[in-house]
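Inspection log for the structure reproduced underneath, given as structure tokens.
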């Protein structure tokens, strides 16, 4: 479930796949949008869950998101159009550590902790 700026809600089921298994920096995302009844039905199934508030912003000229989790963890995610752009990126000073390749910070890793 994603709250949108206009106050509406988007219900979606997302799948993230790594096209190269050992490269966590590249992820393919597929979203299937659900209606509210489908979402509520799926919520009844046993699952690890993860809740966050996402804030969208620009870091320099790059689209980015800051995810704030209920336990206080804050993650910055930045989008890149190429490997070269990603390699050239200088994180802002407030970034404490790079966790792109740390599976503990993947959605599944965070949901299971």
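None of the figures in this text is laboratory data; all of them are computed from the coordinates on show. Note that the structure is a prediction, hence the values are computed from the model and not measured. Every residue, glycine among them, receives a Cβ derived from its backbone with ideal geometry; neighbour counts consider all protein chains shown.
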Quick numbers on the chain, Rg and Dmax over C-alpha atoms in Å, give 15.4, 44
Check: C-alpha center region 1-35 vs C-alpha center region 94-113, spacing in Å is 16
Run the numbers on the chain and let me know its relative contact order in percent, using alpha-carbon pairs under 8 Å that are six or more apart.
17
Give me the distance in nm between label points sitting 7 Å out from Cα along the Cα-to-Cβ direction at residue 45 and residue 27, one decimal.
1.9
Computed on Cα atoms only, the convex hull of region 1-46 has an orientation-averaged projected area in nm² of 4.6
With n ≥ 4 as the cut-off for DSSP H runs, can you work out [θ] at 222 nm for the chain, using -39500 (n - 2.57) per run divided by the number of residues, rounded to the nearest 500?
-4500 deg cm²/dmol
Rounded, prolate or oblate: which one fits region 48-113, using the alpha carbon gyration tensor with axes a ≥ b ≥ c (rounded when a/c is under 1.5, else prolate when a/b beats b/c, else oblate)?
prolate
